[in-house]
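Colleague: Got a structure for you, questions after.
The values are calculated or read from the model by the stated rules, or taken from the named source; none is laboratory data. Bear in mind that the values here come from a model prediction, so they are computed numbers and not experimental data. Cβ placement follows ideal geometry from the backbone for every residue including glycine, while neighbour counts extend to all protein chains displayed. Ligands, DNA and RNA are excluded from the accessible area calculation, which covers all protein heavy atoms including side chains. Shrake-Rupley method; radii C 1.70, N 1.55, O 1.52, S 1.80 Å.
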Amino acid sequence: MDTANFPPEVQKALANASPEVLKRITESTFPYNRLDLMWKFQLQYKYPNSEKPAMEEILELKDMLLKGDIKGSLAIVEELEQMSKDDKINNIGSYGIIVLLHLIKQQVENRSTRSWESSIRNSARTIQRKNKRRKAGGFYLTPEELRLTLEEVYPDAVDAAAREVEEGRYEPEELEELVNKEEIIDRALALILPPE
């Protein structure tokens, strides 16, 4: 692979890339050009252990559809759908941490502030918006999946709360013993789930 015209940082990174990464960069079903190779390298260099980025998946899907490979196309569509759902879960989890963090602070300090209430309310609304399927209707995550997501991010919320509760007085392990995890998650879900 001729890298003479690539920017110096790309040349340096290519020189240090493993043979597997180089192989993944150069294997392709569409024609090479300098921009394509640089784009592919930057994606593989930034995400060496991840699944293929969505753009590459879309190009592969197009190629399979043009070849009439419906079974392969459907497999890629399923991968894209899973990647989208994973992104939704990560996004919802980030806002879930904020909700849980403030609910933990409320329970431990036995008080609340307008700022905490506002953060809880805004984060819960954001989760509701992000979880709603706009065109198809319904939701990305079921109530059970939302609970699971909150349970997964709960340790991160405890860590964050430990830094804030009573000006960092408690270690995360100590703080965790002071709160009722199930009650916190139930309260978070009650705020997040749409009224029935």
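Colleague: Rounded to the nearest percent, how much of the accessible area of the stretch 59-196 (1.4 Å probe, protein heavy atoms only) is carbon and sulfur?
Modeller: Values: 4220 of 8640 Å².
Its accessible area is 49 percent carbon and sulfur atoms.
Colleague: Right, another one. In Å², and per residue, what accessible area does the stretch 124-178 have when probed at 1.4 Å with the other protein chains present?
Modeller: Working: 3660 Å² over 55 residues.
Normalised by residue count, the accessible surface of the stretch 124-178 is 67 Å².
Colleague: Highest mean first, what order results for 89-97, 59-67 on Cβ atoms within 10 Å?
Modeller: 89-97, 59-67
Colleague: Quick one: 3J(HN,Hα) in Hz for the stretch 141-154, Karplus 6.51/-1.76/1.60 with θ = phi - 60°, rounded, Gly and Pro as x.
Modeller: After applying 6.51 cos²θ - 1.76 cosθ + 1.60, I find 10, 6, x, 5, 5, 5, 4, 4, 4, 5, 5, 5, 8, 3 Hz.
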